[in-house]
C-alpha cells in the first residue's frame, strides 16, 4: 500500500504492506521487521537498528513518538494535495480559535460583532495555575463566541470564530 | 443486584449495584466508593480503607488479586448450587487431565486403553527447564490421549481423558 | 526545646498533600510500620496517592482552596480517622504557621518545625534579621519592609545598583523585580508592591543587592527536639526557569569541602537561633568569587530532597518522622558523608515547544525507566487523567552514579527510555539541557537556562533528525495501514481510498 | 597479564544474552556512549531487551541450543555488525572457555576472564587445587575426581561422615548427593556419577566434608589487566531452594570487618594465582563457628551483583567494560567502603502454591514499585508473553536502606505495591520469607528456606485473610455486575439470569 506521509513539510512516499520484510521510502527499498506490541506501540527493526515508536492521536492530529521526539505527521491524498495546500494558505474564510490545551475559561475579552486585529487576545484559559491568552489568527470580526467564563474546554475545542 | 460469590469454600451474598455508595455482604451494609481505573483494575474505598484490586481471568477460573494475595472465586447460581456440588463430588464419570500451565509435551506415558491407577503419571510437560508429570485423578482406563510429544499446550488444555 | 522532647509513638499519619510527594510520604510510613492516611479532592479520586494508600478520605471539590488548603477539614479527618500526626509535604499548608498551631492545639503532631520558628524564618525580612544575629552572610540591603519609595531610593543608593526588589512573603518569583538604574526604581517598586499584595495579601517589599550570575546553592538541615542540628551537604539548583527549579543536583560541582563546612555551619547556626526542628533548607546565592549570601529558608521538606538522600544514603522522611516522635537524631555531623553524585529532573506536564504551557489530560502510554541508579518518585500511571487544577509536576526522575559525568549519562539513558503519551511533557527539554556542553561542564548559574532557551535547539536525541523522520514516516505508514478504513480503502477503487484518507488522516 | 593490557576503545558491544541482564548490560553501554547490540531468538522478538536495544539481530529458533548457545552465530553477528566486544552476561556461554577463546581468535574482546583462568577455576576440582596453592581454606576432601568407589570410601573414612559428593563440572545443584553413612555411599556415588554425566557430559565427581547448616557467603572481586585485584565485600545468599538462590543481600549480617578482610584477601589471592581478570565471585561456606571454606568460583558477573553495587556505590558493569578496554582499576582497596544494606528478591514466573512449577504466559497487568531505595532490573512489560523456553526469572527487585531492618521493611513495602497479573509469580512467597522472624533476625543458613517451607504458612500480607476475602467478594461482585451478559441478566426474568450466570461465572 503506497501512502504519502507528510512530516515537517516534506512528503515521503512509503510503500508499506503489513507482514512484508521490506518497505520502501521514496523508492528506496529497506529491510524491515515490524511487530505491534500493543495497539499504538510498535517495535521496528529497520536495517538492524531497533526503534520503539508510539502513535499519538489528539486534537492537533496524529504524531509519532520516536527516540524522545514527537513528530507530527499527516497522510496525504496525492490527488488533493495541491488543492488542500492552496486552501490552507488562504486567509479569506472564517477561522476558528481553538483551545491549545485543556483548561478552564477565565475571561472572554470580546463579544460577537467586535472588530479585532490579528493577534488580539480573544479568550483567556487557565490550567495548572497558568493563564494563556488565545489570540485572533487574523484581522476581522468576531462571528461567534462559543464559551463563557467557568467553562471547561478540551484541547482542540473551538472557542470562537472570527471572519 | 444480588450475587453469590464463593471464596475458599464459603459463599457470601453480595448485594452490589453499580454507582451506589453502599454495598451489603451477607446482609451487613458497608459504605463503599468504587472506581474502575481501567478494565479489570478497580479502586475500592470500603469504610475508609483503600484497596486496589485486579481481576484475573484464566483457564482455572476468575480470581481477584488483592493486597498481594490471589483469591480465586466463583459466582454461584443459588438455585443450582446444591446440584452442582453433588455432581462435582461424584467420581464416576469420565475425568479429564488438564495442563496446569503452558508448556511443551515431552512424554506421553500411557496409551488409549491402558488401565491406570489413581495418581499414576500420564503426560510429562516441560516449561522453563522444569518437567511436570500430570497424574490420573482416579483409577480407570485411558479413554483418549489428545497430545503427542512436541505439542505446545496452554494452561487448561485437556491432555487426556480417563474413564 | 525540652518541652517538645517527650517521646511519642506515631501510629497513623495523615498526609495533607497529593501526587508524588503524598505517595513518597505514604511509602515512608509503611516502611516504618505506620498507617498512612490519604486525602483527595474530587479531581484526585483515582490519583496514585489514593490508590496506594491504606485509608483515603474525600476532602472536597477540585480547587485547592476547597480541598488541600482546608486545614479545618484536614483536622476533622485526622481526628475521626485517629491520626496522631500530619505530614504537610511541600506547598499547600506546609509553611502555614497557623495550621501548624491548629494541629498542635488539636493534639496532633505537625511534622515540621514549631509555628514560632516558621514565623521567624518564613518571612524573608525577619529571616534576614535572624541571619544577621546568627552571623551569616547575606546580600547587602534592607532587613525590613521598605516604608516608602524614598527609603527604597536611599537603600539602593547605599548598596549600589543593580538591586532586586522582593516581596517579604514571597515565593515562586512573584513580587520580584530587578532594577538596574535609579530611573526605573519607582515603577518597579510600585509594581512589586501591587504584585505582592495580589499574590500574598501583603505589599511588604524589601531591597537587596543583585548578585550577578549567582549559583543557587542550598543546605539541607535536620534538627531534633533535643538541640541537635546537622547539615547534610548542599544541593545545587541553579538550573531554573522563571525562578522555578528545573534540575537539581547534589553535591554542587563547585562547592569545596571547606566551603561546604562554612555554609553548613552557618545554616545550622541560623536554624538553632530560631529554635528550628525537623527538616529545613537554607538557600544561598554563591557568586563567582566563592562568596555566599543567605537568600531565604524553606521551613519544610523540599521537592528536591531525593538528591540529598542518594548522596548521603539517608532517608529524610524517615528521619523527619523519628524527630517528630521525639527521638534524638541517630547520627552526628561526622557520620554524614557524601558519596557519588545525584541529578534530579522535574518532569512536568508542559509543552516546551509552546511556551511551556501546561498540558493536563489523559496519559495514554507510559513507559518508565528503571535499572541501576535510577529512582523515580512518581505520581502518575497509564490511564490517569492529569487534572488541570494543580501544579503540573508529574514525577521526579533521579539518577545516581559515582561521578557527575556518569550521573548525567545515566539520566540521559533514562530519559531515552521514558515515554509519556497523550500529554506534552518536558522530557525532550531535559535531554537538551543535559547534552549542553555548558551544563556538562557545570558552567551554570540562575540565568543559565533562560540563556540556553535563546539559542537554537541543536540535535540532542538519538539518531539524526532526518533518521527519526524517516522512521516516523515508516511507523506512520504502518499505523495508517492498520486503520480499518484504510485497510478497506487499499482494496477499493481510488475514489473510496480518497475519501477514506480524508476521513482518517487529513488533520491539518 | 601485560600482554592483555593494551588500551583499546570499545564502541559496540554485542550482548550475548536475553532478559533482564541483557537490558541491564545495554543500559550500561548506553551510559558509556557505547552502542549495545541485542540478539534474540524467535521467542524473544518482542522481549524488552530487544525493544530497548539500539540494534537487534535474530539468532534462531526458540531453543537456547539453536539461539543463545550458538557461539558461531553470535560471532557472525558480531563481525557483520562491527562489534568490538561481546558481553556474555550470566548463564548461556558466559563460562564457556571455548567461546571466550573463539572471540579472542576473531579479534573480538570477550568481556570476562581469559579462557585459561576460566578453565583453571571453572572446574571444581581444579579450583580446589588452586585454593590449596593460594593458601585458602576449603572443605576437607578430595581435590581430584574420584577414580573409584574404593577411593570415595577411603576419602570419606579419612574426613568423616557426613560427606558431600559433587560433580566437578557441576552447577545448579546437579550431580550432588549428601551421604551420612558408609552404607549409602555406593548408591549415592553411582547416582551422582550418572547425573553428572547426563547434566554436564562428564561423570567426574569428588567428595568433601559436609558442613552443617552453613551460610553461603560470596566475595565479589574485580581484577584489571595490570595486576590489580580488589574485593568489594561479601554477599550473603543463604536463602536458597534446591541450591538456587532466592534472596541475596549485602553485607552479610554476620560478617565482621575482620572476617570480611580475611575472606576478601583470600579471594584476591585465588584470583591472582590463576591470572584472573574482570569480575568474578568466590563462593564460600561459613560455619557457625565463623570458619569459612572455599566452595567454587563463578567466572562471570553474577545475577545478584546489584546488592554489591548499592552498598559500594559502584557500577560493576561499567567497571567490567573499562577493564576490558585495558584501563587500570580507578580505585584502590582502601577506597571500597560498604554503606547501608541491600536486599534482592528474584521474581520468578512460578507458582509457590503448586510446587513452584513454572508459569509462563502473557502478563495481563503490571504495576511496578518505585520510590526511595528501590531498584528494579526487569525484563518484562505489560502485554509481554513470558516464553516457556528459558529460565523463569522475570525481574530482580532490590531494596536499599541505611540498615538491614529498614531494607527489609522497604522490600516488603515494594512487594505490596507490585502486581503481576496473568501468570503466577513468587511475589507472595517473598512476603512470607521477609516477614519471618528467623529471616528478620538473620538466623539463616542454606537449609533455612526448605525448613520454612515445611511450616504452615502464617499470615503475612496486608490485612487479615478474612478481610481480604471480604474485599475480594465485593470486587468479584463489582466485576460480575459489569459483564455485559450479567448486566442484561439483572433486568431479565429469573430464568435468563440463571443461564447468564451459568455462562459467565460458573467455572469450577
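Can you find a residue in region D:422-434 that is more than 21 Å from residue C:30 (Cα to Cα), not in a loop (DSSP other than H, G, I, E, B) and not assigned by TED's automatic domain parsing to the domain that holds residue D:92? No, that holds for no residue. The set of residues in region B:22-45 being closer than 22 Å to residue C:385 by Cβ, out of contact with any helix residue (DSSP H, G or I) (no Cβ under 9 Å at 6 or more places or on another chain) and part of a loop (DSSP other than H, G, I, E, B) is empty. For residue C:309, the stated conditions do not hold, so it cannot be described as assigned to a strand (DSSP E or B) and buried (at least 21 other Cβ atoms within 10 Å of the Cβ).
Per-residue answers, yes or no, for (1) in contact with a strand residue (DSSP E or B) (Cβ under 6 Å, 6 or more places away or on another chain); (2) modelled with pLDDT of 95 or more; (3) closer than 30 Å to residue A:129 by Cβ:
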position	(1), (2), (3)
C:320	yes, yes, yes
C:327	no, yes, no
C:338	yes, yes, no
C:343	yes, yes, yes
C:353	no, no, yes
C:357	yes, no, yes
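Restricted to region D:28-43, and to residues that are free of Cβ contacts under 8 Å to residues at least 60 places away in the same chain and within 21 Å of residue C:418 (Cβ to Cβ), which residue is surrounded by the fewest Cβ atoms within 10 Å (Cβ to Cβ)? Residue satisfying both the conditions and the ranking: D:33. Count of region D:238-279 residues, restricted to those that are within 23 Å of residue D:446 (Cα to Cα) and part of a strand (DSSP E or B), is 11. Selection of region D:364-380 for residues being more than 8 Å from chain C (Cβ to nearest Cβ) and in contact (Cβ under 8 Å) with a residue 60 or more places away in the chain yields D:379, D:380. One residue stands out in region B:93-103 among those that are touching a residue at least 60 places away in the same chain (Cβ under 8 Å) and under 22 Å from residue D:388 (Cα atoms): the one that is surrounded by the fewest Cβ atoms within 10 Å (Cβ to Cβ), namely B:98. Restricting the first member to region D:250-264 and to residues that are at negative phi, and the second to residues that are assigned to a loop (DSSP other than H, G, I, E, B), the beta-carbon pairs closer than 7 Å and six or more apart or on different chains are D:251/D:338; D:253/D:442; D:254/D:442; D:259/D:290. Among residues of region D:369-423 being out of contact with any helix residue (DSSP H, G or I) (no Cβ under 9 Å at 6 or more places or on another chain) and surrounded by fewer than 20 Cβ atoms within 10 Å (Cβ to Cβ), the one that is farthest from residue C:306 (Cα to Cα) is D:383. Answer yes or no as to whether residue D:106 is without any contact (Cβ under 8 Å) to a residue 40 or more places away in the chain and not assigned by TED's automatic domain parsing to the domain that holds residue D:296. Yes: the conditions hold for residue D:106. Condition check for residue C:393 on (1) away from chain A (no Cβ under 14 Å); (2) touching a strand residue (DSSP E or B) at 6+ places or on another chain (Cβ under 6 Å): one failure, at (1). Within region C:480-495, identify whether any single residue is away from chain A (no Cβ under 11 Å) and at pLDDT 95 or above, and answer yes or no. No, region C:480-495 contains no residue that is away from chain A (no Cβ under 11 Å) and at pLDDT 95 or above.
Before we move on, is residue C:125 surrounded by 18 or more Cβ atoms within 10 Å (Cβ to Cβ) and farther than 26 Å from residue C:391 by Cβ? If you could, list the steps in order and put the result at the bottom.
Working: surrounded by 18 or more Cβ atoms within 10 Å (Cβ to Cβ): yes; farther than 26 Å from residue C:391 by Cβ: yes.
It is true that residue C:125 is surrounded by 18 or more Cβ atoms within 10 Å (Cβ to Cβ) and farther than 26 Å from residue C:391 by Cβ.
Would you say residue D:120 is at pLDDT below 95, in contact with a helix residue (DSSP H, G or I) (Cβ under 8 Å, 6 or more places away or on another chain) and under 30 Å from residue D:7 (Cα atoms)? When the stated conditions are applied, residue D:120 passes them.
Got a sec? Which of D:445, D:438 is part of a loop (DSSP other than H, G, I, E, B) and surrounded by fewer than 23 Cβ atoms within 10 Å (Cβ to Cβ)?
Just one listed residue meets the conditions, D:445.
Comparison of C:16, C:22, C:56, C:46 shows that the only residue that is surrounded by 21 or more Cβ atoms within 10 Å (Cβ to Cβ) and within 11 Å of chain B (Cβ to nearest Cβ) is C:56. Any residue at all in region C:354-368 that's touching a helix residue (DSSP H, G or I) at 6+ places or on another chain (Cβ under 8 Å) and assigned to a strand (DSSP E or B)? Within region C:354-368 (the criterion being touching a helix residue (DSSP H, G or I) at 6+ places or on another chain (Cβ under 8 Å) and assigned to a strand (DSSP E or B)), the answer is yes, since at least one residue qualifies. Residue count for region C:138-147, restricted to those that are surrounded by 16 or more Cβ atoms within 10 Å (Cβ to Cβ) and within 25 Å of residue C:213 (Cα to Cα): 5. What's the total number of residues in region A:10-40 that are within 8 Å of another protein chain (Cβ to nearest Cβ), under 21 Å from the mean Cα position of the chain (by Cα) and surrounded by 14 or more Cβ atoms within 10 Å (Cβ to Cβ)? Number of matching residues: 3. For residue D:93, the criteria (1) crowded, with 18+ Cβ neighbours inside 10 Å; (2) free of Cβ contacts under 8 Å to residues at least 60 places away in the same chain hold in every case but one, which is (2).
Taken together, C:453, C:434, C:449, C:412 contain a single residue that is within 25 Å of residue A:101 (Cα to Cα), under 22 Å from the mean Cα position of the chain (by Cα) and at pLDDT 95 or above, which is C:449. Scanning region A:41-61 for residues that are facing chain C (nearest Cβ under 7 Å) and modelled with pLDDT of 90 or more yields a total of 9. Annotation note: of D:53, D:28, D:43, the sole residue that is touching a strand residue (DSSP E or B) at 6+ places or on another chain (Cβ under 6 Å) and either within 30 Å of residue D:388 (Cα to Cα) or in a strand (DSSP E or B) (or both) is D:53.
The values are calculated or read from the model by the stated rules, or taken from the named source; none is laboratory data. These numbers come from a predicted model, not from an experiment. Positions of Cβ are backbone-derived with ideal geometry, glycine not excepted, and every protein chain shown enters the neighbour counts.
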